[in-house]
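The values are calculated or read from the model by the stated rules, or taken from the named source; none is laboratory data. Treat the numbers as computed from the prediction; the structure is a model and nothing was measured. All Cβ positions, even for glycine, are placed from backbone atoms using ideal geometry, and neighbour counts span all protein chains on display.
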Amino acid sequence: MTTKSEIQSMLFLLEDPDPFIKQEVLNRFYQLGDSAVPLLDECRVETASEDSKKIAANLLFDLTFPGLYQDFFELYSEGLSTFAHLERAILYLTRFDDPTFRTSVVKQKMDNMARFIASDIQYALDPNEQMNRLLTFVFQDEGFDGVGDDLFKPENSYMNRVLENKRGIPLSLAMVVLSLADRLELPFFGVNMPMHFILMFECEQEITYIDPYQHGKFLTKKECDYFLKINGVESRPEYFQKATYSQMLVRTMRNLQYSFEKQQDVTKAVKLKMLIELHEQFYKD
C-alpha cells in the first residue's frame, strides 16, 4: 500500500542526479505496479513542474503498458472482424498519449456526432446525397482539416486529439468519417493506397474515391494513378481495393512509430514495435 505523499517524494527523487537513487526509486514504482497508477496520475495532474509532469507521464506509460499489450492480445485473439474491433484498437493507441485516458469519452463523442446528423441522413433518400451530407458535416460543418506541415506529430494519429483539434493526417481523418459511417450504416470504406490513404463510397456497384485530406474532395481513378506515378509508385489494382481492418490498424501503428522515431522518443517507438510484432503474429498484410 502506498500514499500520495510517498508518490510525490519518489517523483522528487527521480530528479536526483545520482543514478543509483533513480534506479532504486524506479524499482519501488515497478514493485507497486498498477497500485501506484491512480496516485501517480493525480500527482502528474497537480504538479506545476513540467519536468515532474514528464517524468510522471513516462512512468505511467511504463506501468500501464503491460495492460495495453494484454488488451491488444485479447483483441487479436477475438479477431478484427468488425469495424467496432478496429475502432477499439485505434482507441487503445490513445493510451500512448495519455495512459489513463478513458476511451469511452471518444466513443461517446462519436455517438453524439452520429445522432446529430442521423435525421439528415435518414431524410436524404438518395445514397449519393447521403454521402455528400456526411462529407459536408465532417469537413465543412465540423471543420475537420489536414495538418499541413505537421504530418509527423504523434497527436495527429490519436483519435482523442484529432477530435479535439479537428486536425489530422489522411488516415485519422478517414477514421472520423468511417466511424460515423459505421454508426449510420453508410457504405464508406478505407482504401490503403500507397503514400496516401483515401476513402471509397460504394453504391450499386458505383465507386466514388474521396480524399479526406482535401476536405472530402472527389478523386478520379486517373488522378490517383497520376499521384502514384509522380511519387514513383506503379499503379496496381490491389491499391484501390477496400482496406482490411488489419491494414488500417497496422498502418496507424506504423505512422505512430515513425512519428516517435522522428521525435527521438525511443521508449514509445520500441513499445509500439512490440505491438506491431504482436499484430504480425496474427495477421500477415
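Against the numbered list (1) farther than 17 Å from MET253 by Cβ; (2) surrounded by fewer than 21 Cβ atoms within 10 Å (Cβ to Cβ), PRO194 comes up short only at (1).
Out of all the residues in the stretch 139-172, which are β-branched (Val, Ile, Thr) and crowded, with 22+ Cβ neighbours inside 10 Å?
Passing the criteria: VAL162, ILE169.
Of the residues making up the stretch 46-77, those that are in a helix (DSSP H, G or I), more than 18 Å from ASP265 (Cβ to Cβ) and either over 23 Å from the mean Cα position of the chain (by Cα) or among the polar types (S, T, N, Q) (or both) are GLU46, SER52, GLN70, SER77.
Restricted to the stretch 184-224, the set of strands (runs of 3 or more DSSP E) holding at least 2 residues that are in contact (Cβ under 8 Å) with a residue 12 or more places away in the chain comprises 188-191, 198-203, 206-211. Got at least one residue in the stretch 98-120 being on the phi < 0 side of the Ramachandran plot, among the aromatic types (Phe, Trp, Tyr) and either touching a residue at least 40 places away in the same chain (Cβ under 8 Å) or in contact with a strand residue (DSSP E or B) (Cβ under 9 Å, 6 or more places away or on another chain) (or both)? Yes, there is a match, as at least one residue in the stretch 98-120 is on the phi < 0 side of the Ramachandran plot, among the aromatic types (Phe, Trp, Tyr) and either touching a residue at least 40 places away in the same chain (Cβ under 8 Å) or in contact with a strand residue (DSSP E or B) (Cβ under 9 Å, 6 or more places away or on another chain) (or both). Note on the stretch 225-251: residues that are among the hydrophobic types (A, V, I, L, M, F, W, C), out of contact with any strand residue (DSSP E or B) (no Cβ under 7 Å at 6 or more places or on another chain) and not in a helix (DSSP H, G or I) total 1. Of the candidates SER157, SER119, SER172, the single residue that is polar (S, T, N, Q), outside the structural domain of LYS54 (by TED's automatic domain parsing) and farther than 20 Å from LEU256 by Cβ is SER119. GLN247 meets each of the listed conditions (1) buried (at least 18 other Cβ atoms within 10 Å of the Cβ); (2) of a type outside the set (Asp, Glu); (3) over 29 Å from LYS109 (Cβ atoms) apart from (3).
Which residues, counting only those in the stretch 173-182, are over 15 Å from the mean Cα position of the chain (by Cα) and buried (at least 18 other Cβ atoms within 10 Å of the Cβ)? Working first, answer last.
Of all residues in the stretch 173-182, those over 15 Å from the mean Cα position of the chain (by Cα) come to 180-182.
Within the stretch 173-182, LEU180, ALA181 qualify.
Out of curiosity, is PHE116 surrounded by fewer than 22 Cβ atoms within 10 Å (Cβ to Cβ), at pLDDT below 95 and not small (Gly, Ala, Ser)? So PHE116 fails the test. Touching a Gly at 6+ places or on another chain (Cβ under 8 Å), outside the structural domain of LEU272 (by TED's automatic domain parsing) and either aromatic (Phe, Trp, Tyr) or surrounded by fewer than 15 Cβ atoms within 10 Å (Cβ to Cβ) (or both): does that describe ASP16? It is false that ASP16 is touching a Gly at 6+ places or on another chain (Cβ under 8 Å), outside the structural domain of LEU272 (by TED's automatic domain parsing) and either aromatic (Phe, Trp, Tyr) or surrounded by fewer than 15 Cβ atoms within 10 Å (Cβ to Cβ) (or both).
The single condition among (1) closer than 20 Å to PHE188 by Cβ; (2) not in a helix (DSSP H, G or I) that ASP150 does not meet is (1). The set of residues from the stretch 229-240 being surrounded by fewer than 15 Cβ atoms within 10 Å (Cβ to Cβ) and not β-branched (Val, Ile, Thr) comprises LYS229, ASN231, GLY232, GLU234, ARG236, PRO237, GLU238.
Does the stretch 138-156 hold any residues that are in contact (Cβ under 8 Å) with a residue 24 or more places away in the chain and of a type outside the set (Gly, Ala, Ser), and which are they? Hits for the stretch 138-156 are VAL138, PHE139, GLN140, GLU142, PHE144, ASP145, PHE152, LYS153, PRO154, GLU155, ASN156.
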